[in-house]
Amino acid sequence: LRVGYRDFRIPPKELIESLPQQLLMLQMADSAFTDSIGWGLKSQLTAEQALRCGVFIGLGLDHNTTNYHIRWYIHANAAQWAQQLGLVLNERELANWIAQLCEAFGPALNANRVMGGLGSITASRIAREFSCGGPAVVFESGETSGLSALEAAMGALRTRQVDSALVGAV
């Protein structure tokens, strides 16, 4: 996956923390727009076309990639775990042990990790990048995520809510 800040205007620190699904869909959207009607990064949508283009993405998110709540779980349960393990720790030792457990689990939550870990932002990033003014929606329904996105796009086209739609799944 070759994506840089200049490609999609994602800050470098956020780019490092982003889910690969977001970046892959941005690249695929660029390819789809370029291949279908020449709307890729080199030539943006006209204002009229952009207002009537929707983005519908099915995204199968691995929820283990965003288990940030586990740090809070560690804090809430570490004293009980220590007791069950027969560890006798004073307050300072317990705090150090908790810090080690959290560090071993992975880096702490920060603003870049939040934006990079939100699967729901994928359609919004695409809509922003290609100036799409129609609905920008992400569907997460397991194996049927892509079909849900396709069904919603077809409905939007049928009811003339949009004139064109980008549909993708990752």
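Of all residues in the stretch 49-90, those being open to solvent by 30 Å² or more (accessible area, probe 1.4 Å), modelled with pLDDT of 90 or more and hydrophobic (A, V, I, L, M, F, W, C) number 7. Being open to solvent by 30 Å² or more (accessible area, probe 1.4 Å), farther than 26 Å from Asp7 by Cα and small (Gly, Ala, Ser) holds for only one residue in Ala165, Ala136, Ala156, Ala108, and it is Ala108.
Glu151: under 30 Å from Phe33 (Cα atoms), over 20 Å from the mean Cα position of the chain (by Cα) and either open to solvent by 40 Å² or more (accessible area, probe 1.4 Å) or not hydrophobic (A, V, I, L, M, F, W, C) (or both), yes or no? Taking the combined requirement at face value, the residue satisfies it. Looking only at residues in the stretch 9-31 that are open to solvent by 60 Å² or more (accessible area, probe 1.4 Å) and within 10 Å of Val170 (Cβ to Cβ), the one that is modelled with the lowest pLDDT is Pro20. Pairing residues of the stretch 97-112 that are touching a residue at least 40 places away in the same chain (Cβ under 8 Å) with residues that are assigned to a loop (DSSP other than H, G, I, E, B), at Cβ distances under 7 Å and at least 6 apart in sequence or on separate chains, gives Leu109/Tyr68.
Against the definition (open to solvent by less than 30 Å² (accessible area, probe 1.4 Å) and either in a helix (DSSP H, G or I) or not small (Gly, Ala, Ser) (or both)), how does Ala123 come out, yes or no? Can you show your working first?
Details: open to solvent by less than 30 Å² (accessible area, probe 1.4 Å): yes; either in a helix (DSSP H, G or I) or not small (Gly, Ala, Ser) (or both): yes.
Spelling it out, Ala123 is indeed open to solvent by less than 30 Å² (accessible area, probe 1.4 Å) and either in a helix (DSSP H, G or I) or not small (Gly, Ala, Ser) (or both).
Answer yes or no as to whether Ala123 is farther than 30 Å from Ala78 by Cα and under 11 Å from the mean Cα position of the chain (by Cα). Yes, satisfied. Tallying residues that are more than 18 Å from Pro107 (Cβ to Cβ) and in contact (Cβ under 8 Å) with a residue 12 or more places away in the chain within the stretch 67-96 yields 4.
The values are calculated or read from the model by the stated rules, or taken from the named source; none is laboratory data. On a predicted model such as this, the values are computed, not experimentally measured, just so you know. Note that each Cβ is placed from the backbone with ideal geometry, even for glycine, and that neighbours are counted across all protein chains shown. Accessible surface areas use protein heavy atoms only, side chains included; no ligands, DNA or RNA. Shrake-Rupley method; radii C 1.70, N 1.55, O 1.52, S 1.80 Å.
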